[in-house]
Amino acid sequence: MKKKKPSSISRKQFIKTSAAASSILIVPRHVLGGIGYTAPSDRLNLAAIGAGGKGTSDIANASVNGRERVSALCDVDFSGSASRAVEAFPDAKLYDDYRVMLDNETDIDAVTISTPDHTHALPAKLAMERGIHVYVQKPLTHNIREARLLTQWAEENRIVSQMGNQGASNPYLDMVHNWIDSEVIGAISKVQIWTNRPVWPQGFAKPEPYESQKPEELHWDLWLGPAEYRPYTPDLHPFNWRGWWDYGTGALGDVGCHLIDIPYRTLGLGHPTDAECSVGTIFTQMWTPEYHPEGCPASSFITLHFEATEKSKSPIQMTWSDGGIRPPRPDIIPADHQVGGPNSANGVVFIGEKGVITTNINDSSPLMPKLYLNDGTTEFGPETEDFDEPEYGHHRKWIDACKAGYASREHRALTSSFDYAGPMTEATLMGNLAIRSYMLRRETSEGQMEYYGRKQLLWDGENMKITNLEEANQFVGRNYRKGWEV
C-alpha cells in the first residue's frame, strides 16, 4: 500500500506550532463562546483503532469529555462492544481497515490503538509515519523487536506517544518513589512480583477452526492481521486471544506493564542481563505431559537480573509468578496482613536491607503502598482512591502534550512515552522469550525428548540477542503474513 505523507500545511502542523503563531490563528475563546469554550481550531481530530473493549474507554477518555473531536473510528466488528463508541461519537466516520482510514482521513492529529497485542505495531508505525501522535495499549507491542522499533520511530518522527499503562500516572506512586529515593529500606536486592492471571482459558490446545460460526459482521482476515492465516476460530475474538502466541502475550502482556512498571520506574532499571523460567506442567495421562508450544502456559515462574543503577545501588533479582502462584511472605509482614492487593491476588514486594515495600497492581486498583521497617516502623498509603479524572488523567495528559508539541514540558512530563515504555516493554517481554525457549525440544538418538532451552538465557540488550542459545532469538521478533510486515 502506498503511504501518504503528512500534509505540508494545515491544522496538523498548526497544532504543533509555537504559542506565538497560535495566538494569531486561533480565535480567542471569549469571542466565540465564553469562558471554557474550546475554539474549533483548538480541538484535536482524534481517531480510534480498536473501538471496542478497552478501546471504548480509551477514545472516550482521550476526547476529554468532548473537548476534542472524534472524527473516525476503526474496528473489525462494530456489532459488539464497539457499538458503544459509535453511540458516543455519532459523527465519527466508520472504518473496518485502519490502513484505509489513515489514507482517507488526512486530518487526524492523534490516534488511540486498542487492538489485540499482535496488531499494535503496524498501525502505530503507519500513524507515526504520517505525523500522527499515538496512544497504544499495553503491552506496547507483541515482541521485543517491535518495541525497539516503535521507540525509535517515535523519536525520529517527533511523535508525542503514550502507552496505556494508566497506573503509571497514579499520584500515589510518589510514595513509593520517595521511599526508594530516600533509601529508607537501604540497598534493594530483590523484587518479587505476582499475579492471579491468566483469568481467561489458557494452557491447552488451541481451539479448532469452525468457519461456519464466524459472525457475519466480523472481518476475520483484518483481525488476523500479521498472524498466519487460519479459518475462523471460535473463542479467540474478542477476549480469549490472550492465551495464544500468534495474537497475545499471556499473563505478562496483560498485566506485566502494570506490575513491572512499579519497580522498573522507581529503581531506574535498564535491560535485564539474563532470563530463566519454569512453567506449570499439565498431565492428562501418566508420564506424558501436555505439550502446546503454540499457547501460553497455565502458570510460570520467571527470574530476571538487572545491573545496579543509581537508584538500586546493587544488582537486582526480579521474580515474576503467574497463575495464582505467590512468593513467600517476608517475615517482617504480619501474618494477617494482605500482601500486595486485596486477597493478595496481585502485588509487588521490594526487599531491602532495612525493610520491605509492598504495593498492589497499579492499573485502576487501589495501589495500597505499604512500608515495613525492621525497627517496627510502618507507613501505609490509603486503601481507597478518589480521583476526579478517569484512569488518573493518563489520556488527558497525553492529549495536552499533543497540543503542546514534541519535547514540550507537557510531553516530558508524560509517565509512559515510548522512550520509557519501549525499554520497559522489552524487559517485560523477556519473560515470554524465556517461556517460549523453555518449550523448545528435539528428539535424541535414543528417542527421548530433550528440552534444550531450559537454561539461563544470557541477554545482550543493546543488540537484542540471546548469546548462548541461537534458537531463542527467533522469539525476539516474529514472522509476518505478507502485506502486514513491520
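Selection of the range 169-197 for residues being among the hydrophobic types (A, V, I, L, M, F, W, C) and within 21 Å of E307 (Cα to Cα) yields V176, W179, I180, V184, I185, A187, I188, V191, I193. Being surrounded by fewer than 17 Cβ atoms within 10 Å (Cβ to Cβ) and closer than 18 Å to T195 by Cα is a property that N360 lacks. None of R478, R442 is in the same structural domain as D246 (by TED's automatic domain parsing), surrounded by 14 or more Cβ atoms within 10 Å (Cβ to Cβ) and of a type in the set (K, R) except R478.
What do you reckon, is D331 in the same structural domain as Y452 (by TED's automatic domain parsing), loosely packed, with under 14 Cβ neighbours inside 10 Å and either on the phi < 0 side of the Ramachandran plot or aromatic (F, W, Y) (or both)? Lay out the reasoning, then the answer.
On the way: in the same structural domain as Y452 (by TED's automatic domain parsing): yes; loosely packed, with under 14 Cβ neighbours inside 10 Å: yes; either on the phi < 0 side of the Ramachandran plot or aromatic (F, W, Y) (or both): yes.
Criteria met by D331.
Within the bounds of the range 180-196, is there any residue that is part of a helix (DSSP H, G or I), modelled with pLDDT of 95 or more and buried (at least 20 other Cβ atoms within 10 Å of the Cβ)? Checked the range 180-196: at least one residue is part of a helix (DSSP H, G or I), modelled with pLDDT of 95 or more and buried (at least 20 other Cβ atoms within 10 Å of the Cβ).
For first residues located in the range 355-381 and under 14 Å from V339 (Cβ atoms) and assigned by TED's automatic domain parsing to the domain that holds I333, partners that are surrounded by 24 or more Cβ atoms within 10 Å (Cβ to Cβ) and of a type in the set (F, W, Y) and lie 6+ apart or on another chain with Cβ distances below 9 Å form the pairs V356/F350; I357/F350; T358/F350; T359/F350.
Filter the range 221-241 down to the residues that are assigned to a helix (DSSP H, G or I) and free of Cβ contacts under 8 Å to residues at least 60 places away in the same chain, then identify the one that is surrounded by the most Cβ atoms within 10 Å (Cβ to Cβ). Quick ask: steps written out before the conclusion?
Residues of the range 221-241 that are assigned to a helix (DSSP H, G or I), as a first pass: 221-224, 240-241.
After this cut, where a residue has to be free of Cβ contacts under 8 Å to residues at least 60 places away in the same chain as well, the list is 221, 240.
On the way: D221: 12, N240: 18.
The qualifying residue surrounded by the most Cβ atoms within 10 Å (Cβ to Cβ) is N240.
One line per residue, one yes/no per condition, for (1) out of contact with any helix residue (DSSP H, G or I) (no Cβ under 6 Å at 6 or more places or on another chain); (2) among the hydrophobic types (A, V, I, L, M, F, W, C):
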residue	(1), (2)
P171	yes, no
H177	no, no
D181	yes, no
I185	yes, yes
P198	no, no
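Only one entry in G447, G376 is modelled with pLDDT of 95 or more, loosely packed, with under 13 Cβ neighbours inside 10 Å and not aromatic (F, W, Y), namely G376. Among the residues of the range 346-362, is any of a type in the set (K, R), more than 24 Å from the chain's Cα centre (by Cα), at pLDDT below 95 and not in a strand (DSSP E or B)? Scanning the range 346-362, I find no residue that is of a type in the set (K, R), more than 24 Å from the chain's Cα centre (by Cα), at pLDDT below 95 and not in a strand (DSSP E or B), so the answer is no.
The values are calculated or read from the model by the stated rules, or taken from the named source; none is laboratory data. This structure is a prediction, so every number in the text was calculated from the model and none was measured. Reconstructed Cβ throughout: ideal geometry from the backbone, glycine too, with neighbour counts over all protein chains shown.
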